[in-house]
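The next block holds one structure in the form of structure tokens; read it before the comments.
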Amino acid sequence: MKKTIKATLIFLLIGFTLSMTFSCNKEELFVEPVNVVNEDNETETDEEEETNNEDSDTTEIVDASLPCDFSLNDVETNSTVIINCVLDLNGEIVNLPSNVTILHEGGEIVNGTINFSDNTTISGDLLNSTLVIGGSTPQVKDPIFVFNPERWGIVQGKVSDEVALENKNILEEIMFEIKNFGVNTIKIDYLDAYFKVDGPLNTGVPEVHAINIPSDFNLVMTDNTHLRMQPNGHFRASLLAIYDEKNITVSGGYLHGDRDEHDYDSGYVDSDGATSGTHEWLHTMAIKGGENINIDGVTFQDATGDGISISSIYFYYDARHVRSKNINIINSTFIRARRINLTLVNCEHIYIENNEFIDGGADTNNSLGTAPSCQFNIEPVRGWSENGELIEYERVSDVYMKNNVGILTGDSGGGFNVSHGNGPIIFENNAIDSSVSYTTADGVIIRNNTVNKYIKAGNPSNFDRTDFVFGNEVYGNKVYGGVHVGGNGVIVRDNDIEGDIGIYLGAGAKDSSLGVSNSIIKNNIVKASSRGIMAINTTKNTLIEENTIEMLSGSTFALNLYNEWSGSGDANFLVNNNLVIGTKGNDSGAHTSLIGASSIKVTNNKLGCVQITKGDNITFTGNVIDAEINKDGLQFNSDCPNSSFTDNTIILYTSQTPLNIKAFDFGSGVSLSASVLISNNTTIEK
């Protein structure tokens, strides 16, 4: 039999037992249909009776701040208690029978303990810091819990470390507690509070000291929600953490680091004896061993280290390894992290879409950025065993970064980087103020982005590293600062590139024997103010083909090709069927190309004047040289043994200059070796 309790107990017997109702409103009579279970377990429903109260259709306003005039000790099994008043338990312990429902209608229960029995339910709005729940775990009526900071004792604004630690404990404990009551969502609106989240390593890893979120749970915040890291002098801490948990959504709100309030000179020494001069490992959020995580519409601001750091528990090769995977980061904003706005350390299947990255690694008035000072980085740690085998302490793979915006508001700050990684790693449809780069990775695809600085595809140190650097592509991008190519195994195609140097191969090599290998540069449109396509150091098994190179006013060399090849046999460096354009004349549009390579084939190109500065084993055939006015067609500034110059067409503008220009010219004192072949070339004078 169902019984309903309000503030005043009224017994009403009309031939059968009706439900009992308690209320602060003593004039109210509340009668509901009664379910009666007969001996055959068949349910009969009585007709609902109408009250004789003339004002039954008028809702009376109840003052929920008044004290209740009943006790929970009177509650019987199968009852419903409506709390529309203040029920002060005065420190007592109340033992409830089974099948009781306690509903919130504006009142509260304070200052005591309720021991629940089986099959009991309570409104989440009645939970507070002074009410202890014991006995059997009740179910909360609504799976969405609205968090009231004052009800739980959160102190807002600037506070002491002791209060900030209590703030942290309260918020974390309430999330885990209400989850046990069947709640899967906590909603936080107006809150602006500091949380102490740093502590010694011997009492827990940094993520343990953070505000932790349980599995199968949603943390929902608004634009009015500000969680702040209590300023500290530690060098490793996190404000919010997901640690060995699954199926979590965090949405909305602001997470603030202590970047400009941090004590960088604390000299803090942790319990393991470690210390740090950079204080770079403090994050606004850490995900470590998290699976099926959604981060949606959150703002991460002023982290002393990283905005979000995603890693795993134990090394990748360890049998105990707990992997972070299946993580979506969408519609969020990352602002001014001192080190990196978003870092991937040890994880897989990461989806990063429709976010704003602002001033990652940039300097502020109170703190300088710290290396690598960038918006985004993939940076797993690797090592080598004594017998030369790779040790993957950490591993990152299957990363998809799409439709994001990267903004730098000043001169400092960095770009979007991949230090190490395993594909697929996709950068697609992003608008980036800075740069995109990778170093030691496979399966990196950089496509259809707008990049205002440069794309750096690989590093010369990975020359001929076919084991770990391969299958990378850069295509369909609009790039305003040029494309740098280094290392092994990249295709750069179908890009629209502007810059001082359009495409630069082999730059930054520590040794001239390093550079670019097993790569293709094809079908790009290049507009350059200095050099169109430039290759230095060593190039091997690389094709530069079908590119259009437009040289702008004041530019120097369209093709500037060197190759320090010292290997046996042919370097297989082929430059084929490229087009160089630009206005003829000294005032604009330099056509000249400079070749000083060892082991190179330059075939079927249409270009301007060509200068040979050094090199050997040069094959120059089938090209059309459309010389600039006042310049010779092909000039030898040095010998180039074992080379051939055949079947080329050289166009000279003799009628437009008083100078004695020639198809072939030789610098002062230059004579060619007998091994140099010049034959079957055609000269056209205009």
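Taking the criterion of being modelled with pLDDT of 95 or more and surrounded by fewer than 19 Cβ atoms within 10 Å (Cβ to Cβ), the residues of segment 494-511 that qualify are Asp494, Asp496, Glu498, Asp500.
From the list Ile293, Ile310, Ile352, which one is surrounded by fewer than 24 Cβ atoms within 10 Å (Cβ to Cβ) and modelled with pLDDT of 95 or more?
Values: Ile310 fails: surrounded by fewer than 24 Cβ atoms within 10 Å (Cβ to Cβ); Ile352 fails: surrounded by fewer than 24 Cβ atoms within 10 Å (Cβ to Cβ).
Answer to the selection: Ile293.
Applying the condition of being over 15 Å from Ile144 (Cβ atoms) and of a type in the set (S, T, N, Q) to segment 168-185 and asking which residue is most open to solvent (accessible area, probe 1.4 Å) yields Asn180.
Among the listed residues Gly134, Gly157, which satisfies the condition of being of a type outside the set (Lys, Arg), farther than 23 Å from Glu177 by Cβ and under 44 Å from the mean Cα position of the chain (by Cα)? Just a single option satisfies the conditions, and that option is Gly157. If the condition is being buried (at least 17 other Cβ atoms within 10 Å of the Cβ) and either in contact with a His (Cβ under 7 Å, 6 or more places away or on another chain) or over 18 Å from Val140 (Cβ atoms) (or both), then segment 95-118 contributes only Gly112.
What tally of residues in segment 119-134 results from selecting those that are of a type in the set (Asp, Glu) and either open to solvent by less than 60 Å² (accessible area, probe 1.4 Å) or under 13 Å from Leu72 (Cβ atoms) (or both)?
0
For segment 356-463, give me every one of the strands (runs of 3 or more DSSP E) that falls completely inside it and has 1 or more residues that are open to solvent by 40 Å² or more (accessible area, probe 1.4 Å).
Details: elements: 356-358, 374-378, 382-384, 390-392, 396-402, 405-407, 416-428, 436-447, 455-457.
Hits in segment 356-463: 356-358, 382-384, 390-392, 396-402, 405-407, 416-428, 436-447, 455-457.
Taking the options Glu207, Glu162, name whichever one is touching a residue at least 40 places away in the same chain (Cβ under 8 Å), among the charged types (D, E, K, R) and in a helix (DSSP H, G or I). Let's see the steps before the verdict.
Values: Glu162 fails: touching a residue at least 40 places away in the same chain (Cβ under 8 Å).
The unique qualifying residue is Glu207.
Restricting the first member to segment 275-297 and to residues that are without any contact (Cβ under 8 Å) to a residue 40 or more places away in the chain, and the second to residues that are open to solvent by less than 30 Å² (accessible area, probe 1.4 Å), the beta-carbon pairs closer than 9 Å and six or more apart or on different chains are Gly277/Phe235.
Only one of the numbered conditions (1) touching a Ser or Thr at 6+ places or on another chain (Cβ under 8 Å); (2) open to solvent by 50 Å² or more (accessible area, probe 1.4 Å); (3) among the polar types (S, T, N, Q); (4) in contact (Cβ under 8 Å) with a residue 24 or more places away in the chain is not met by Thr137, and that is (1).
Name every residue in segment 253-295 that is closer than 22 Å to Leu201 by Cα and among the hydroxyl-bearing types (Ser, Thr, Tyr), in order of residue number.
Taking segment 253-295 as the starting set, the residues that turn out to be closer than 22 Å to Leu201 by Cα are 257-259, 262-290.
Within segment 253-295, Tyr264, Ser266, Tyr268, Ser271, Thr275, Ser276, Thr278, Thr284 qualify.
The criterion of at least 1 residues that are more than 28 Å from Gly369 (Cβ to Cβ) is met, among strands (runs of 3 or more DSSP E) falling completely within segment 212-286, by 217-221, 246-251. Could you check segment 403-440 and list, in sequence order, the residues that are aliphatic (A, V, I, L, M) and in contact (Cβ under 8 Å) with a residue 24 or more places away in the chain? If the condition is that a residue be aliphatic (A, V, I, L, M) and in contact (Cβ under 8 Å) with a residue 24 or more places away in the chain, then Val405, Ile407, Leu408, Val418, Ile425, Ile426, Ala431, Ile432 are the ones that fit.
Counting the residues of segment 506-540 that are closer than 15 Å to Phe463 by Cα, touching a Ser or Thr at 6+ places or on another chain (Cβ under 6 Å) and in a strand (DSSP E or B) gives 5. Residues that are in contact with a strand residue (DSSP E or B) (Cβ under 7 Å, 6 or more places away or on another chain) and of a type in the set (Gly, Ala, Ser) occur at least once in segment 278-289.
The values are calculated or read from the model by the stated rules, or taken from the named source; none is laboratory data. What you see is a predicted model; the values in this text were computed from it and never measured. Counting neighbours? That spans all protein chains shown, and the Cβs are built from the backbone with ideal geometry, glycine included. Side chains are part of the model used for accessible areas, which takes the heavy atoms of the whole protein and leaves out ligands, DNA and RNA. Shrake-Rupley method; radii C 1.70, N 1.55, O 1.52, S 1.80 Å.
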